[in-house]
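Q: My structure is below; once you've seen it, I'll send some questions.
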Amino acid sequence: MKEQIDKIRTDFPILGTQVNKKPLVYFDNAATTQKPQIVIDTITEYYSKYNANIHRGVHFLSNFATEATEKAREVARKFINADAVEEIVFTSGTTESVNLVAFSFGETFIEKDDEIIVSEMEHHSNIVPWQMLCQRKGAILRVLPFNDAGELEIAKLPELINSKTKIISVAHVSNALGTINPIREIIKIAHKSNIPVFIDGAQAAQHITVDVKELDCDFYAFSGHKAYGPTGTGVLYGKKNILEKMTPYKGGGEMIAKVSFEKTTYNSLPFKFEAGTPNYIDTIALAKALDYITDLGLDKIYKYETELLEYATTELKKIDKLKIIGEANHKSSVISFIIDDIHPSDAGTLLDQMGIAIRTGTHCAEPVMQHFGISGTMRVSFAFYNTFEEIDYFVKSLCYVISILT
Ligand code: PLP
């Protein structure tokens, strides 16, 4: 992949731009990724030539857009190797996917005093919807802790499970620590007690090959905008037999089979969960993004990003007073760190002056910060279009920033 980088970078127009009169170094890929030209062009092409509301028309444009949307569903199915397109629900992102399952699964299966397990390293998106469900139903949220290296204490999972446990929801990859969690093991443990597992793949699907059949997870969610697709897109996978039993999330057009004032019946999967006019043009463009990364090869992407991660980790560790937060054995290309006496946002602001985009703060994972007794971190997160030269420039700039601030 290293040899292809120059060519790959030209596919992403924003990477050729300048910020503060310096070439952009974009290390905020865990927040959102940049878009290849094919994604940008698809959005323009569809609005220019093929726009009409889907699923309802008899005319050419509506049929064309409908067909493209359903082709996009097939691309998403293949991308995560789901059994059937009925198991692929388009959402606005991982946040909506968790809310959908927390509501619809919750309405159907959760009763007072039931228990739900999440981990201590979850993004707020995978905590708050479950907390809201617990409040609605009088259920209890249990938390699987992680150790100081940032690894889940998996040995404690069987102790947390009991006859009241109804679902387990964990991140495939932590956005704050970079840890790749042992989800296969979690799923196996859960399934021994017939407990379904929701995997938050927001930080995983664009970095690691995901095979939902092989994982045997019950739900898997990822965000389109983190996978080089447009904002406002997302994919929720759910096993058909569970989705079928779940009550709809939102009511409206398209999610119904028949409506009368006496009784409404619901549409088949996946439309039962897609009320209203969906974000079809962005979804069509998302499929182009998924095709793009599939063509590059997720195994190649993972290998190259791991090389970037290892190189940056080694270089950052040479910096005096810098501490990496999250040193799990198995990590994705995310590095959180703190530096003695330096406020993350001061460093982030100065790096921005040098054209370098990093993220600072709690990364929507306040419990992770509470675990380490810190108020936030600096975070760099790499994509396959990043380079070793960018890491060198970043490390040099960071050393300069430290010299100014201390
Ligand atoms: N889960 C994880 C692990 C994340 O990193 C994020 C976003 O950063 C989300 C969920 C929420 O994703 P979105 O904002 O795209 O809905």
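The values are calculated or read from the model by the stated rules, or taken from the named source; none is laboratory data. All of these numbers come straight from a predicted model, not from anything done at the bench. Here Cβ is always computed from backbone atoms with ideal geometry, including for glycine, and neighbour counts include all displayed protein chains. The area values use the complete protein model at the heavy-atom level, side chains included, leaving out ligands, DNA and RNA. Shrake-Rupley method; radii C 1.70, N 1.55, O 1.52, S 1.80 Å.
Q: Using a 10 angstrom cutoff on alpha carbons, build the Gaussian network for the chain and name the most mobile of Thr69, Thr233, Thr349.
A: Result: Thr349 has the largest fluctuation of those listed.
Q: Moving on. What's the FRET efficiency of Ile256 with Phe60 using the Cβ-Cβ distance as r and R₀ = 22 Å, to the nearest 0.05? Walk me through the numbers on the way to the answer.
A: Working: r = 26 Å, r/R0 = 1.16.
With R0 = 22 Å, the Cβ-Cβ based efficiency is 0.30.
Q: What nm value, rounded to one decimal, do you get for the distance between Gln37 and His191 when each label is placed 7 Å out toward the C-beta?
A: Here the modelled spin labels are 4.4 nm apart.
Q: Still on this model: In debye, nearest 20: dipole of the chain around its Cα centre with unit charges on the Cβ of K, R (+) and D, E (-)?
A: Charge dipole, the chain, about its Cα centre: 640 debye, nearest 20.
Q: Using a Gaussian network model of the chain whose springs link C-alpha atoms within less than 10 Å, name the residue from Tyr304, Tyr237, Tyr47 with the highest mean-square fluctuation.
A: With Cα springs under 10 Å in the chain, the top fluctuation among Tyr304, Tyr237, Tyr47 is at Tyr47.
Q: Can you return the lysines within cross-link range of Lys321? Criterion is Cα-Cα under 20 Å, with same-chain partners fewer than 8 residues away left out.
A: Lys396
Q: On average, how much accessible surface per residue is there in the chain, in Å², for a 1.4 Å probe, leaving out ligands, DNA and RNA? Present the calculation step by step, with values, prior to reporting the outcome.
A: Details: 17250 Å² over 406 residues.
With the other protein chains kept in place, the chain gives 42 Å² per residue.
Q: Separate question: Using DSSP H assignments, which helices in the chain have an axial alpha-carbon span of 20 Å or above and a mean Kyte-Doolittle hydropathy of 1.0 or higher? Walk me through the numbers on the way to the answer.
A: Values: long enough: 60-80 (31 Å, -0.23); 94-109 (21 Å, 0.49); 280-296 (24 Å, 0.70); 298-317 (28 Å, -0.68); 388-405 (25 Å, 1.06).
Answer set is 388-405.
Q: Let me ask you something else. Tell me what the chain gives for mean residue ellipticity at 222 nm when only DSSP H runs of n ≥ 4 count, each as -39,500 (n - 2.57), the sum divided by the residue total, rounded to 500 deg cm²/dmol. All intermediate terms of the calculation are to be shown ahead of the outcome.
A: Details: 14 runs with 162 residues, N = 406.
Using -39500 (n - 2.57) per qualifying helix, the result is -12500 deg cm²/dmol.
Q: Looking only at the range 143-186, which residues have a backbone nitrogen under 20 Å from a spot 7 Å from the Cα of Glu310 in the C-beta direction?
A: In the range 143-186, the label zone of Glu310 (backbone N under 20 Å from the point 7 Å along Cα→Cβ) covers 178-181.
Q: Considering only DSSP states other than H, G, I, E and B, which trypsin sites (Lys or Arg not before Pro) in the range 29-98 qualify as loop sites with at most 16 other Cβ atoms within 10 Å?
A: Numbers: sites: Lys49, Arg56, Lys71, Arg73, Arg77, Lys78; in loops: Arg56.
When the trypsin sites (Lys or Arg not before Pro) of the range 29-98 are filtered for loop state and at most 16 Cβ neighbours within 10 Å, Arg56 remain.
Q: While we're looking at this one, here's another question. Which parts of the range 77-94 would a label at Lys240 reach, counting a residue when its backbone N lies under 16 Å from a point 7 Å out along Cα-to-Cβ?
A: 77-78, 81-89
Q: By how many nm would the segment from Lys263 to Asp291 grow when fully extended, if each residue of separation counts as 0.36 nm and the alpha-carbon distance is taken off? Don't skip to the answer; put the middle values down first.
A: Numbers: separation 28, 0.36 × 28 = 10.08 nm, distance 4.17 nm.
Difference between extended and current length: 5.9 nm.
Q: Using mean Cβ contacts within 10 Å as the protection proxy, how do 9-19, 31-41, 97-107 order, highest first? Write out the running numbers ahead of the final one.
A: Numbers: 9-19: 14.2, 31-41: 18.3, 97-107: 24.0.
Result, highest mean first: 97-107, 31-41, 9-19.
Q: Now for a separate question. Sort 197-204, 383-390, 396-403 for me by packing, meaning the mean count of neighbouring Cβ atoms within 10 Å per residue, highest on top. Before the final figure, lay out each step's value.
A: On the way: 197-204: 26.8, 383-390: 20.0, 396-403: 16.5.
Most protected by this proxy first, the peptides run 197-204, 383-390, 396-403.
Q: Using alpha-carbon positions, what is the distance between the centroids of the range 156-228 and the range 75-143, in Å?
A: What the calculation gives is 11 Å, centre to centre.
Q: Lys303 versus Asp148, label points 7 Å from Cα toward the beta carbon: distance in nm?
A: 3.7 nm
Q: Working with all protein chains in place, sort Asp218, Asp6 by solvent-accessible area computed with a 1.4 Å probe, largest first. Could the numbers behind the result be given before it?
A: Working: Asp218 10, Asp6 120 Å².
Solvent-accessible surface, decreasing: Asp6, Asp218.
Q: Leaving out ligands, DNA and RNA, and with a 1.4 Å probe, what % of the accessible surface on the chain is carbon or sulfur? Display every interim value, and only then the final one.
A: Values: 8990 of 17250 Å².
Roughly 52 percent of what the probe reaches on the chain is carbon or sulfur.
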